[in-house]
1. Within region 338-362, which residues are under 25 Å from residue 294 (Cα atoms), open to solvent by 10 Å² or more (accessible area, probe 1.4 Å) and not in a helix (DSSP H, G or I)?
2. From the residues in region 392-406 that are open to solvent by 50 Å² or more (accessible area, probe 1.4 Å) and not in a loop (DSSP other than H, G, I, E, B), which one is nearest to residue 472 (Cα to Cα)?
3. Between 252, 213, 217, which is closer than 30 Å to residue 353 by Cβ and hydroxyl-bearing (Ser, Thr, Tyr)?
4. Output the helices (runs of 4 or more DSSP H) that fall wholly within region 611-689 and possess 3 or more residues being loosely packed, with under 15 Cβ neighbours inside 10 Å and modelled with pLDDT under 75, or say none.
5. Inside region 377-391, can you point out the residues that are part of a helix (DSSP H, G or I) and of a type in the set (A, V, I, L, M, F, W, C)?
6. Being farther than 17 Å from residue 186 by Cβ and either of a type in the set (Gly, Ala, Ser) or part of a loop (DSSP other than H, G, I, E, B) (or both) is the filter here; which residues of region 217-233 pass it?
7. Of everything in region 227-260, what is of a type outside the set (Asp, Glu), touching a helix residue (DSSP H, G or I) at 6+ places or on another chain (Cβ under 8 Å) and at pLDDT 90 or above? Give them in sequence order.
8. Determine whether residue 564 is in contact (Cβ under 8 Å) with a residue 24 or more places away in the chain and over 30 Å from residue 382 (Cβ atoms).
Amino acid sequence: MNGLDALTVDLAPLLPWTVVAVLGGLAGVLVLYALLRRARGAVWRGAAAAVLVTALLNPSLIEERREPLTDVAVLLVDESPSQRLADRQAQTEAVLAELRRELEALPGIETRVVRAARGADDDGTKLFGDLAAALADVSGRRIAGVIALSDGQVHDVPGSLQELGFDAPVHLLLTGRSDEGDRRLAVTEAPSYGLVGKEIRLSLRVDDLPEATPGATAMLEVSRDGQRLPPVPVALGAEMELPLMIEHAGPTVFELEVEAGPQELSLLNNRAVVVVNGVRDRLRVLLVSGEPYPGERSWRNLLKSDPSVDLVHFTILRPPEKQDGTPINELSLIAFPIRELFDLKLDEFDLIIFDRYRRRGVLPRAYFENIARYVEEGGALLESSGSAYAGPLSLYDSPLGRVLPGEPTGEVIDRGFRPTVSEIGGRHPVTADLAPSGKPPSWGRWFRTVDAVVRRGVTVMDGVEGRPLLVLDRFGKGRVAQILSDEIWLWGRGFEGGGPQADLLRRIAHWLMKEPELEEEDLRATVVEGRLEVTRRTLGKRATDVEVTMPSGSKRRLALEDAGHGRWTAILPADEIGLYRVTDGTRTAFAARGSLNPLEFSDLRATPDLMAPIVEASGGAVHRIAETGIPSLRLVRPGRDTMGRDWIGLRRNNDYVVTGVERIPLLPGALTLLLALGAAMLAWWREGR
């Protein structure tokens with residue numbers, strides 16, 4: 001591009017302006033006086049004075065060498081998830097190609113394409129933030145205009161031209177169609193926590209856009225942790241409360257999905273997900289000890305150390321068959337409330353523990369039947385076997401026998417041994433990382449174990465000669481754990497270095513009460529630093545691949561890698577905002593990047609309403625591509641209209657940079673002296689005639 005010259009006159013006074021002004025004023029007064037007196041040389045004296053005053057102003061001719069700058073036209077392309085609906089993306093690419101071709105034909109225009117809001121975020125689509133970043137190196141004086149190719153669902157629109165940062169037209173070429181309709185589901189209020197066994201209430205609303213038929217309803221499908229609940233009818237356009245039950249501790253995932261409406265842009269906003277963390281109010285534990293012994297205190301101390309545990313502990317101090325004449329009112333401090341505990345209030349306990357218990361007639365057979373029913377309906381039972389379990393008074397010979405997984409052989413082995421984690425126990429979350437990886441445990445010895453044949457469940461710890469020591473089993477809806485020894489208390493006393501007594505018993509209790517982090521067959525997904533991390537825990541030797549459903553609806557298959565201790569993992573970049581669904585065919589997990597119900601999907605219709613204020617303030621125009629076609633482009637001068645019925649304008653700014661400056665004095669010293677002396681001599685000559 002050729003440079004352009006610009007000439008201007010510059011004054012650089014040799015004396016201060018006030019001094020020059022005073023001297024010029026005095027000279028003017030004297031010349032005026034001479035003119036009034038009709039002096040013959042007055043004009044030439046005035047000319048000499050004018051030359052001298054002008055010389056004091058030191059005038060120069062400034063010649064600037066200017067390099068014109070191109071004007072910048074911005075094509076702002078919306079690539080948010082809502083732009084991927086219907087044919088919006090195809091419309092955008094077609095218009096983009098046509099506009100680029102037209103802009104290349106316009107002289108002095110530099111075209112910049114800004115692809116913005118690729119993933120959107122919790123606060124919706126932010127086009128203008130990306131626009132400001134892309135124009136950080138461009139002066140506002142060079143911007144000819146911005147042409148936004150969007151569905152209009154933009155959530156960071158500037159409120160004024162000052163916030164926009166430049167004075168140039170912003171045009172909106174709108175994708176989509178004006179007659180679009182959509183059904184959406186919005187969760188307006190949801191609790192973060194809920195008590196296990198109690199109901200929570202979700203507030204939600206279903207709308208048909210632009211408007212629903214009066215009195216219309218839709219069916220809402222509800223799933224809890226992947227299990228479908230009965231569908232619920234929902235009145236359109238009205239807020240309602242939905243009661244839901246929290247059944248276990250830890251995260252509970254509720255999926256809500258309303259049936260498709262008469263018009264649908266996408267089913268993405270027909271779904272919502274709410275995660276509620278279940279917490280237990282208090283853990284109620286019933287501990288029944290068959291006789292006093294050193295380990296009884298270990299059980300009590302362990303359970304009482306947890307402030308969230310309400311412990312009811314009874315010890316059978318005196319068997320009924322012992323008759324020594326002691327008065328009945330002196331046999332115990334309080335009466336053993338067996339009917340209240342094992343009949344009336346049995347279901348109120350979260351865990352029942354039998355420690356070295358033998359059948360002595362204290363508990364009638366009907367109450368053992370109650371305990372078996374309690375387990376079958378979802379309760380938890382822990383049995384720590386003493387030598388009596390192998391004898392005729394064994395709990396196995398009561399109705400509890402159908403619940404307990406280990407059938408005693410009648411043999412009690414009194415021999416020192418070190419408990420070990422079994423092969424499958426190395427993958428079970430209760431015992432997986434209990435011992436250092438790859439090394440035999442250095443725990444203290446136990447000296448008694450009851451031999452048993454395991455009929456059900458999994459043996460996670462072995463005792464003497466590989467015989468079962470700790471068995472975990474699911475019975476009906478409940479769970480059972482059986483420790484085939486009564487000497488775990490030796491670890492708590494530190495015998496031969498002790499062992500992980502507290503950690504093991506805590507894990508057993510939490511597994512029995514169905515704590516999610518100790519599930520042996522589990523699938524978890526989390527988003528960490530922009531990555532989707534999938535963890536599958538299984539007792540099997542191989543985990544099947546999982547299928548990941550992205551927030552946009554696309555799917556991808558992931559192979560899991562062995563991470564040890566029964567854990568299999570995989571990592572996937574989480575580029576999209578929204579909910580990720582992970583399934584292996586039998587289990588489903590969810591993870592969210594940003595909001596579970598993002599603003600981006602709250603309204604999927606293409607609309608000019610959000611951007612209209614800044615478009616109008618900047619002198620731009622809105623054209624819906626599907627209805628008006630692609631407008632032509634024009635270059636307009638500042639102050640002229642920048643829009644028309646079928647065209648949009650870009651402002652020609654004529655901005656430039658100065659590449660060189662040359663200063664030329666208009667009155668050099670010699671010329672000033674010559675002119676002043678010449679005028680003075682002419683004045684003297686005129687006055688002398």
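The values are calculated or read from the model by the stated rules, or taken from the named source; none is laboratory data. Keep in mind that this is a model prediction, so the values were computed, not measured. Reconstructed Cβ throughout: ideal geometry from the backbone, glycine too, with neighbour counts over all protein chains shown. We work out accessible area using only protein heavy atoms, side chains counted, and drop any ligands, DNA or RNA first. Shrake-Rupley method; radii C 1.70, N 1.55, O 1.52, S 1.80 Å.
1. Once the filter is applied, which keeps residues that are under 25 Å from residue 294 (Cα atoms), open to solvent by 10 Å² or more (accessible area, probe 1.4 Å) and not in a helix (DSSP H, G or I), region 338-362 yields 356, 357, 358, 359, 360, 361, 362.
2. Across region 392-406, the extreme among qualifying residues is 402.
3. Values: 213 fails: closer than 30 Å to residue 353 by Cβ; 217 fails: closer than 30 Å to residue 353 by Cβ.
Residue meeting the stated conditions: 252.
4. Because the criterion is at least 3 residues that are loosely packed, with under 15 Cβ neighbours inside 10 Å and modelled with pLDDT under 75, the helices (runs of 4 or more DSSP H) in region 611-689 that meet it are 669-688.
5. First pass over region 377-391, keeping only residues part of a helix (DSSP H, G or I): 387-390.
Of everything in region 377-391, those that are part of a helix (DSSP H, G or I) and of a type in the set (A, V, I, L, M, F, W, C) turn out to be 388, 390.
6. 223, 225, 226
7. 258, 260
8. Working: in contact (Cβ under 8 Å) with a residue 24 or more places away in the chain: yes; over 30 Å from residue 382 (Cβ atoms): no.
Spelling it out, it is not the case that residue 564 is in contact (Cβ under 8 Å) with a residue 24 or more places away in the chain and over 30 Å from residue 382 (Cβ atoms).
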